[in-house]
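Asks: Here it is: the structure, laid out below.
The values are calculated or read from the model by the stated rules, or taken from the named source; none is laboratory data. As the structure is a computational prediction, the values presented were derived from the model and not from experiment. Glycine also receives a Cβ, built like all others from the backbone with ideal geometry; neighbour counts cover every protein chain displayed. All accessible areas refer to the heavy atoms of the entire protein, side chains included, with ligands and DNA or RNA removed. Shrake-Rupley method; radii C 1.70, N 1.55, O 1.52, S 1.80 Å.
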Amino acid sequence: MIAIVLTTRGLVFSEVIEAIERERNLINEKTVLYTTYNKTIPEAQNYLVELALKNSKVSHILMCEEDTVPPARALEKLLQSDGDIVAIDYGVAGWSCIAKDKTGEILWCGLGCTLVKRAVFEALEKPWFRTDKT
């Protein structure tokens with residue numbers, strides 16, 4: 001089962017909802033959608049991931065943001081890659097949302113459309129998402 005975590009401050013683009021529903025209908029896996037609107041983004045991410053992990057059937061968590069429209073077949077492609085963390089670079093104002101080192105290893109990425117295996121969160125200490133670091 002795939003948990004789709006949609007973090008929002010309360011203004012979700014309708015295109016995002018349409019794209020998420022399209023993606024849910026394109027795969028053969030059961031999905032569940034979790035969202036909230038009354039928390040800061042890091043608080044919402046922590047809360048929603050925690051909620052998703054309470055469901056023992058959830059194997060992956062798709063992190064989505066309120067203003068990022070997943071491209072067609074995004075979820076299918078992310079699942080096929082079978083990485084622990086797989087991101088789609090959605091770019092903002094012509095800039096990449098993925099930073100790589102000189103070897104090409106990804107150092108960080110945006111969470112607009114990122115699939116994370118359950119085991120990743122289970123191996124990390126909480127809080128998973130923070131804003132007190134720069």
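Asks: Reported to two decimal places, what Rg/Rh ratio describes region 1-75 when computed on Cα atoms with Rh from the Kirkwood expression?
Replies: When Rh is taken as the Kirkwood radius, the ratio is 0.95.
Asks: Counting only heavy atoms of the protein chains, get the accessible area per residue of region 12-120 (1.4 Å probe) and round it to a whole Å² value.
Replies: About 58 Å² of surface per residue is accessible.
Asks: Which one, Val49, Val86, Ile106, is farthest towards the positive end of the dipole of the chain when Lys and Arg carry +1 and Asp and Glu -1 on their Cβ?
Replies: Val49
Asks: What nm distance separates the two modelled labels at Asp84 and Leu124, each placed 7 Å from Cα along Cα→Cβ?
Replies: My value for the distance between the label points is 1.1 nm.
Asks: Too long at a 24 Å Cα-Cα cut-off: which of Lys77/Lys100; Lys30/Lys126; Lys39/Lys100; Lys30/Lys54? Spell out each step's value before the answer.
Replies: Numbers: Lys77/Lys100 21 Å; Lys30/Lys126 27 Å; Lys39/Lys100 30 Å; Lys30/Lys54 16 Å.
From Lys77/Lys100; Lys30/Lys126; Lys39/Lys100; Lys30/Lys54, over 24 Å: Lys30/Lys126; Lys39/Lys100.
Asks: Can you give me the % of accessible surface on the chain that is carbon or sulfur? Probe 1.4 Å, all protein chains present, nothing else counted.
Replies: Percent of accessible area from carbon and sulfur atoms in the chain: 52.
Asks: Then there's this: Quantify how much of the Cα-Cα distance distribution of region 73-117 extends past 13 Å, in percent.
Replies: Working: 564 of 990 pairs.
Value for region 73-117: 57 percent of Cα pairs lie more than 13 Å apart.
Asks: How charged is the neighbourhood of Ile2? Take every other residue with its Cβ under 12 Å from the Cβ of Ile2, and add Lys/Arg as +1 and Asp/Glu as -1.
Replies: Numbers: positive: Arg24, Lys30, Lys57, Lys117, Arg118; negative: Glu23, Glu29, Glu76.
Here the charged neighbours net out to +2.
Asks: In a shell of Cβ-Cβ distance under 12 Å around Ala99, excluding Ala99 itself, what net charge do Lys and Arg (+1) and Asp and Glu (-1) give?
Replies: -1
Asks: Within 10 Å of each candidate Cβ there may be at most 11 other Cβ atoms; applying that plus a DSSP loop requirement, which trypsin sites (Lys or Arg not before Pro) in region 68-124 survive?
Replies: Within region 68-124, the qualifying trypsin sites (Lys or Arg not before Pro) (loop, at most 11 other Cβ atoms within 10 Å) are Lys102.
Asks: Compute the Cα gyration tensor for the chain, then decide on rounded, prolate or oblate, letting a ≥ b ≥ c be the square roots of its eigenvalues: rounded whenever a/c is under 1.5, prolate when a/b is larger than b/c in the other cases, and oblate in all that remain.
Replies: Numbers: a/c = 1.15, a/b = 1.08, b/c = 1.06.
In terms of gyration-tensor shape, rounded.
Asks: Based on alpha-carbon centroids, what's the gap between region 2-22 and region 60-134 in Å, whole number please?
Replies: 15 Å
Asks: Taking only C-alpha pairs under 8 Å that are 6+ residues apart, what is the relative contact order of the chain in percent?
Replies: RCO, the chain: 29 percent.
Asks: Let me know the longest stretch in the chain that avoids all GluC sites (Glu not before Pro) found in a DSSP loop with at most 16 other C-beta atoms within 10 Å.
Replies: Answer from the scan: 30-104.
Asks: Out of the trypsin sites (Lys or Arg not before Pro) in region 34-67, which ones are loop residues according to DSSP with at most 14 other C-beta atoms within 10 Å?
Replies: Those that pass, being in a loop and sparsely packed, are Lys54, Lys57.
Asks: Using just the helices of the chain, give the 222 nm mean residue ellipticity in deg cm²/dmol: DSSP H runs with n ≥ 4 each add -39,500 (n - 2.57), and the total is spread over all residues, rounded to 500.
Replies: -9000 deg cm²/dmol
Asks: Looking at the square roots a ≥ b ≥ c of the eigenvalues of the Cα gyration tensor of region 42-89, which shape do they give, rounded for a/c under 1.5, prolate if a/b is larger than b/c, or oblate?
Replies: oblate
Asks: In nanometres, what is the gap between the two model label sites at Glu15 and Ala72, each 7 Å from Cα along Cα-to-Cβ?
Replies: For Glu15 paired with Ala72, the spin-label model returns 1.5 nm.
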